[in-house]
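Below is one structure, written out as structure tokens, with a few remarks after it.
The values are calculated or read from the model by the stated rules, or taken from the named source; none is laboratory data. All of these numbers come straight from a predicted model, not from anything done at the bench. Note that each Cβ is placed from the backbone with ideal geometry, even for glycine, and that neighbours are counted across all protein chains shown. Remember, those area values only see protein heavy atoms, side chains included, never the ligands or the DNA or RNA. Shrake-Rupley method; radii C 1.70, N 1.55, O 1.52, S 1.80 Å.
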Amino acid sequence: MQRLKVPLLLVFILIALSGCQPPPSSESAGWKSPYLYWQLRKAPLSQPLTLPVEGVTQRQLNDTWGAARSQGRQHEGIDIFAKRGTPVISATPGIVRRIGTNNLGGKVIWITGPEMSQHYYAHLDDYAAHIQEGDWVEAGEVIAYVGNTGNAKSTPPHLHYGIYFAGEGATNPYPYLKAEELK
């Protein structure tokens, strides 16, 4: 009888999760996290993504991927310039994986999105008050504000936006943000 209870419990959990929807924006994914990560793994990273700086158009984007940086590095993202304090919005739906600081990016946010892609938002002036690690976010949701923290202190305010894939590392986000044809 005990052997039968465990498989039945697993079946009931799977049935419950099959109707599992993401929580409302900016709410913790909580117990749904494993299922939501599984859903994100299966979802394609569609193009074009939502532009991650409010009010910026595709025509204003410049492909800064691969540009030379200090200490022999190459730029692993694109810079989107905007006035300090301009809202930074999530380019994809996903789960906020990390909020914190580092030497290069200053104030940063990492979001796990479709195809388990990792979206990196850096040089932030501040974080949106409602965003916490583990939260579910929708594409277009305000997550932070444009700044010039980290190694960007001597530059005009901008968002450094990067996309990373497991096993591949950084990939150029520019094609993911641009429509194939601009009208």
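If you go through segment 99-113 and pick out every residue that is closer than 18 Å to Pro173 by Cβ and open to solvent by 10 Å² or more (accessible area, probe 1.4 Å), you end up with 2. What are the residues in segment 39-62 that are surrounded by 14 or more Cβ atoms within 10 Å (Cβ to Cβ), of a type outside the set (Ser, Thr, Tyr) and either in contact (Cβ under 8 Å) with a residue 24 or more places away in the chain or not in a helix (DSSP H, G or I) (or both), if any? Matches in segment 39-62: Leu40, Ala43, Leu45, Leu49, Leu51, Pro52, Val53, Glu54, Val56, Leu61.
The residue pairs whose first member lies in segment 153-169 and is in contact (Cβ under 8 Å) with a residue 60 or more places away in the chain and open to solvent by less than 20 Å² (accessible area, probe 1.4 Å), whose second member is of a type in the set (Ser, Thr, Tyr) and not in a strand (DSSP E or B), and whose beta carbons are closer than 8 Å, counting only pairs six or more residues apart or on different chains, are Ile163/Ser117; Ile163/Tyr176. Report yes if some residue within segment 78-98 is of a type in the set (S, T, N, Q) and outside any loop (DSSP other than H, G, I, E, B); otherwise report no. Checking segment 78-98: not a single residue is of a type in the set (S, T, N, Q) and outside any loop (DSSP other than H, G, I, E, B).
Checked against (1) open to solvent by 20 Å² or more (accessible area, probe 1.4 Å); (2) farther than 24 Å from Ser33 by Cβ; (3) touching a residue at least 24 places away in the same chain (Cβ under 8 Å), Gln132 meets all criteria but (2).
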